[in-house]
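A short reminder: the numbers here are calculations on the coordinates, not readings from a lab. Given the structure is predicted, the values throughout are model-derived calculations rather than measurements. Cβ sites come from the backbone with ideal geometry, for glycine too, and all protein chains shown count toward neighbours.
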Amino acid sequence: MLSVISGNDSVGILNFLKSKKKSYEGQEIIEANSKNYSSLEIEDLSKSVGMFSTKKLIVMKPESVSDVDFNEEFLSFISENPDVEILVDVSKIIKTTKIYKLLVKFGKKFFFDKKRDYDVYNISDALLLQNNKNYAIDLLLNFCKTDDDFYNVLSNIHFGLRNLVASVEKNAAWNSMHPFVRKKFTNIKVDISKVKITYKKIFDLDAKSKSSSEKRLSLLVDFMLESNL
């Protein structure tokens, strides 16, 4: 898998990275820039899995184009690999460069903007915490203009569902949650079986959206209308 993140909300990016690493707990996580791996070394690392793990996350925060000197063939390969994920923060990569265009072509995009992130949170809150489908859909249609917007909404709903599960199970994700977020999910009535069904549906929606780009928004609207929490 290949994930691409960017934006001016450094806190949002840090929280996303923290959550992503949490999802790979017990697996191999490589902070590529801390050891100054070359692009060729990253390619080699991505093609092997350790003795004690089945999946691998490689996090990259390139300072320049040369730090992510990957060819199209490799990026296509890694985007289809379910066992290895390369996560690249492209905030410092110039958008007109060839590598930037290749990264966003093959990668799943997450954009973090300080102002617009509040709109994303409002969409997921309306759907998951307030059970107000009509309001959530109104916010969605007003917000969702690009593929980046679509995947930001999808990702935020995913994390919201995970937080609902955590609020019931009081697991590690709950303990590591920011106090402000934890407060929002405290005392929410949760039917855990319904949440888990919806959780599976969001993964199915993610898969369908990759093969039906022209129908992404309508698929998400249908998901909201059919959600039963």
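Descriptive notes on the structure:
- All positions within the range 45-90 that are within 12 Å of A32 (Cα to Cα), part of a helix (DSSP H, G or I) and not hydroxyl-bearing (S, T, Y): L45, D67, V68
- Filter result (closer than 20 Å to K108 by Cβ and out of contact with any strand residue (DSSP E or B) (no Cβ under 8 Å at 6 or more places or on another chain)) within the range 48-76: F70, N71, E72, E73, F74, S76
- Residue count for the range 125-141, restricted to those that are exposed (fewer than 15 other Cβ atoms within 10 Å of the Cβ) and either under 18 Å from K194 (Cβ atoms) or among the aliphatic types (A, V, I, L, M) (or both): 4
- Note on the range 142-196: residues that are over 20 Å from F111 (Cα atoms), surrounded by 15 or more Cβ atoms within 10 Å (Cβ to Cβ) and among the small types (G, A, S) amount to 3.
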